[in-house]
Structures are given as structure tokens and as C-alpha cells.
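These notes concern the structure reproduced below.
The values are calculated or read from the model by the stated rules, or taken from the named source; none is laboratory data. If you're wondering where the values come from, they're calculated on a predicted model, not measured in any experiment. Because the Cβ atoms are built from the backbone with ideal geometry, glycine has one as well, and the counts that use them run over all protein chains shown.
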Amino acid sequence: MTPETNGRTQVHAAPPKREALRVAAVGDLHCRAAPNEELRHLFAQAAQKADVLLLCGDLTDYGLPEEAKALTAVLGPAADLPVLAVLGNHDFESGKEAEVAKILSDAGVRILDGDGWEYRGVGFAGAKGFMGGFRARQLQAWGEAATKAWVKEATEEALKLERALARLRAPTKVAMLHYAPIPDTVAGEPLEIMPFLGSSRLEEPINQYGTSFVVHGHAHHGSAEGRTSKGVPVYNVALPLLRRSAPAKPLFRVVTLHPAEVGA
Ligand SMILES: [Fe+2]
Ligand SMILES: [Fe+2]
């Protein structure tokens, strides 16, 4: 604390007051090119109940520019919040992911793709992630070139997340993904598709960098909560899951970081 002189009296400047940070997260909006009143309402509520909004991929249904424009048209007052997003597999479907990302960026949405962003002493690291399965049963780079290419993609996405986390200087770190990093939050999905819902390669950097919590989407029929092998909370915030599990509540999850976890 630095003393300041006010005429005859030394005044000690009060330290900046720390306040809780309310982080809202939702994924799998699957916005189509039509007016979407559900999303308009969701964003209006987020603007009231959160300080930061995280969008966890599958923002559009077919990855079309007109769908991205429809999404930006309903952002409303949420556009005044910091809105961070990662893309999901649906946003790549039409091969226009760069155009989709630009439309969202132009509307003020920060797209994280191996990047981090800090706000009020909290660091947010984002990457899409990829599939490949979990833990001892995950796909290994062995055999056909196509199999190796698949594993390479999963490894590169995990490296993106690691790079983003490593660059954050904030002591409190939050990771956002589209694909799941652990099997717990995909539990409930058909066994046959489990390896396509996420990758344990994403779990390693989350554990390594002392992440406070993780949010992801993609597993529409998965489970809402789980923990990494080191106990980091993981939340599946896929909109269809939130819609089903708590229809009367806002269609996003709010995680509150308490003042001690938030910088000035
Ligand atoms: Fe989805
Ligand atoms: Fe998805």
C-alpha cells in the first residue's frame, strides 16, 4: 500500500476491492439461420447473471456464415460482457470456419484456438480439442497412416491447450474446450460413440497447470460434472444437457470464482 500525501495528512490508498467473478458457460448452441428466441433469452439472462460468458463450441449447426450472423443478432446485452468462445466440430462442417470465426469476432466474441485471455486476474485458455477416447483405451498412433493422422490431430489440440495454459500469468486458470477431457462427463452417451466424444490427451495439461475448472460441450447426452485424475472439476455445459437436467433454470452454468481467486 502506497501512502499518499493529502495536504497535512498521509492518506493510505485502499487496496482495490476484490469481488467475485461469475463465469457463465454453455456450448452446443447449434444456431441455425433463423431468429432464435431461446438464445436471445439465454443471452439476456447471461448479461444479468454473469461477468464473463464462455461459449463451448458448436455455436452454429452447419458452420454457415448466415448461422453465425443469426447468432450475433441475438447476442443483445451479452455483447457488453467479455464473451469467449471455442469452435466445435459443427462449426467446421461447411469448411467456412474462418468466416464463421470472423463474423463472431467482428461482433466482439473472442475466439480462442490455443490462445489465452486474462480478465480481472483470471486466465482463460481455450482450444477445440479432438476425439480419440479415454485413458488406457485411447487410440494410439500405430498402424495405418489414417490412424496416425487422427492421433496427431488429438495431440496437436492438446498441445494448443497446453500452450494457452502455459502462457497465462494469472494464478487462477480456467480451461474451455468443445471436446471432453475426461470420461466422467460423457457418461450417459451410448458406449459405441464414447471415443468420438473427447480425448484424455486434453486432461494432461489441465492437471499440469493447476487449472481451477474446465468447461466443455459436445456430449449432448453426457453427465454434468466430473473430475480429472488430479481432482480438477470438469463441467459439461452442452445446451441440450442443461435443457434436460434443469429446464426451469437459466440455460447456462455459472461458476463463481470467489474474491480470493480473483485478481484486482
Ligand atoms: Fe453439439
Ligand atoms: Fe460437437
Task: Residues of the range 93-136 that turn out to be touching a Lys or Arg at 6+ places or on another chain (Cβ under 7 Å) and of a type in the set (A, V, I, L, M, F, W, C), as a count - done: 4
- [ ] Go over the candidates Ala246, Ala260 one by one and state the one that is closer than 28 Å to Leu191 by Cα, away from ligand 2 (no atom under 16 Å from the Cβ) and more than 16 Å from the chain's Cα centre (by Cα).
- [x] Ala246
TODO: Identify, from the list Ala219, Ala248, the residue that is surrounded by fewer than 15 Cβ atoms within 10 Å (Cβ to Cβ) and free of Cβ contacts under 8 Å to residues at least 40 places away in the same chain.
DONE: Ala248
TODO: Look at Ala141 and say whether it is farther than 21 Å from His30 by Cα and either at pLDDT 95 or above or touching a Pro at 6+ places or on another chain (Cβ under 8 Å) (or both).
DONE: yes
Task: Search result, residues across the range 81-105 that are surrounded by 18 or more Cβ atoms within 10 Å (Cβ to Cβ) and among the charged types (D, E, K, R) - done: Asp91, Lys96, Glu97
TODO: Only residues that are hydrophobic (A, V, I, L, M, F, W, C) and either in contact with a Pro (Cβ under 9 Å, 6 or more places away or on another chain) or crowded, with 19+ Cβ neighbours inside 10 Å (or both): list them for the range 58-80, please.
DONE: Leu59, Leu64, Ala68, Ala70, Leu71, Ala73, Val74, Leu75, Ala78
TODO: Answer yes or no: is there a residue in the range 121-131 that is in contact with a Leu (Cβ under 6 Å, 6 or more places away or on another chain), surrounded by 16 or more Cβ atoms within 10 Å (Cβ to Cβ), of a type outside the set (A, V, I, L, M, F, W, C) and on the phi > 0 side of the Ramachandran plot.
DONE: yes
Task: Single residue of the range 168-192 satisfying the filter (within 16 Å of ligand 2 (Cβ to nearest atom) and of a type in the set (Gly, Ala, Ser)) that is nearest to the chain's Cα centre (by Cα) - done: Ala180
Task: Failed criterion for Pro65 (all others in (1) under 28 Å from Lys173 (Cβ atoms); (2) modelled with pLDDT of 95 or more hold) - done: (1)
- [ ] Please indicate, with yes or no, whether at least one residue in the range 8-21 is under 25 Å from Gly222 (Cβ atoms), at pLDDT 95 or above and surrounded by 13 or more Cβ atoms within 10 Å (Cβ to Cβ).
- [x] no
Task: Test: Ala170 is touching a residue at least 12 places away in the same chain (Cβ under 8 Å), over 18 Å from Ala85 (Cβ atoms) and in a helix (DSSP H, G or I) - done: no
- [ ] Among what's in the range 80-99 and is touching a strand residue (DSSP E or B) at 6+ places or on another chain (Cβ under 9 Å) and away from ligand 2 (no atom under 16 Å from the Cβ), pick the residue that is nearest to Leu177 (Cα to Cα).
- [x] Leu84
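Of everything in the range 24-63, what is more than 16 Å from the chain's Cα centre (by Cα), among the aliphatic types (A, V, I, L, M) and more than 16 Å from ligand 1 (Cβ to nearest atom)? Give them in sequence order.
Step one: of the range 24-63, the residues more than 16 Å from the chain's Cα centre (by Cα) are 31-42, 44-45, 47-49, 61-63.
Those left that are additionally among the aliphatic types (A, V, I, L, M): 33-34, 39, 42, 44, 47.
Selection gives Ala33, Ala34, Ala44, Ala47.
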Open item on the list: Condition (residue is more than 23 Å from Ala248 (Cα to Cα), touching a strand residue (DSSP E or B) at 6+ places or on another chain (Cβ under 8 Å) and aliphatic (A, V, I, L, M)) applied to the range 61-68: is it met by at least one residue?
Closed with: yes
